[in-house]
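Below is one structure, written out as structure tokens, with a few remarks after it.
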Amino acid sequence: MPLSHTLRIVVVLCVANFFATKVQAGQRVDQIQKRGYLVCGVARHDPGFSEVRPDGQFVGLEVDLCLAVAVAVLGSGANVRFQPLETVHEFLSDATIDLVFHRLTWTLTREAPGQLEFGPVYFFEPQSKKTIAPLAPLLRSGDVDFIRIVRWTVFALIEAEERGTLTESARQTGPSLGLPENWSRHVIAEVGHYGDIYERHFGIASTNHLPRGPNRLWRDGGLLYAPAMHEQLGN
């Protein structure tokens, strides 16, 4: 039975919407690469996480995570600009900011309106009432491809600490993300693995010493875990 005129219109609109969504998903990554640098929203003064030195340089665990994403997308941590933020609204109102690492707790109410989406948890912050706050980067819901890159960049940092290095197959996951083949190797070479980053900013020799506690790897009794970056036989 031939499709009715109305049904044909509905089908055409659905197909058009599907392809429009597919095109839009990669726009953020394209914009970053054409621009030549990543714009990362961070805190101006949050010792250990993100703060500005007298010379104007940003330092901190969240700063290093921004650098890791820049290396993944652009090949160098030098290609990042930091934008101090105070509110989530500032991120929403400025489309040039690509993502935010700002000690934000992942909550449903922040995601529910549909404009924002959290990436992977990168820090479990102990709370005074014996609960744990999961901190995660904040991105725009429509930036699907970019969200995937941020997610696997954080996972690569965790996996590299767990294994001591990244396996050869894990290093060759670039095509799955639209990145160069050895993207993850370059990330680890420039910023180190998760344990290196934590030690720099919260280790015993730092001015913000904080025992790793829940931020230890799962095998060491912590909560940090990264899914496999490649298929394993039998899985």
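What follows draws every value from the coordinates through simple rules; no lab data is involved. As the structure is a computational prediction, the values presented were derived from the model and not from experiment. So basically every Cβ, Gly included, is an ideal-geometry build from the backbone, and we count neighbours across all protein chains shown.
Residues that are aliphatic (A, V, I, L, M) and touching a strand residue (DSSP E or B) at 6+ places or on another chain (Cβ under 8 Å) were ranked within segment 82-119; the one that is surrounded by the fewest Cβ atoms within 10 Å (Cβ to Cβ) is L92.
Every residue, every condition in (1) over 18 Å from the mean Cα position of the chain (by Cα); (2) surrounded by fewer than 19 Cβ atoms within 10 Å (Cβ to Cβ); (3) at positive phi; (4) of a type in the set (D, E), yes or no:
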site	(1), (2), (3), (4)
Q33	no, yes, no, no
L38	no, no, no, no
V42	no, no, no, no
D46	yes, yes, no, yes
P54	yes, yes, no, no
G60	no, no, yes, no
D64	no, no, no, yes
A68	no, no, no, no
V80	no, no, no, no
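Residues that are polar (S, T, N, Q) and free of Cβ contacts under 8 Å to residues at least 60 places away in the same chain within segment 172-206 comprise Q172, T173, S176, N182, listed in sequence order. Give the residues of segment 118-151 that are in a strand (DSSP E or B) and touching an Asp or Glu at 6+ places or on another chain (Cβ under 9 Å), sorted by residue number. Correct list: F118, F123, I132, A133, P134, L135, L138, L139, R140.
Among the residues here, P211 does not qualify as of a type outside the set (A, V, I, L, M, F, W, C), loosely packed, with under 15 Cβ neighbours inside 10 Å, within 22 Å of L38 (Cα to Cα) and free of Cβ contacts under 8 Å to residues at least 24 places away in the same chain. Considering segment 19-110, the qualifying strands (runs of 3 or more DSSP E), each wholly inside and each with 1 or more residues that are touching a Leu at 6+ places or on another chain (Cβ under 6 Å) and touching a residue at least 60 places away in the same chain (Cβ under 8 Å), run over 38-42.
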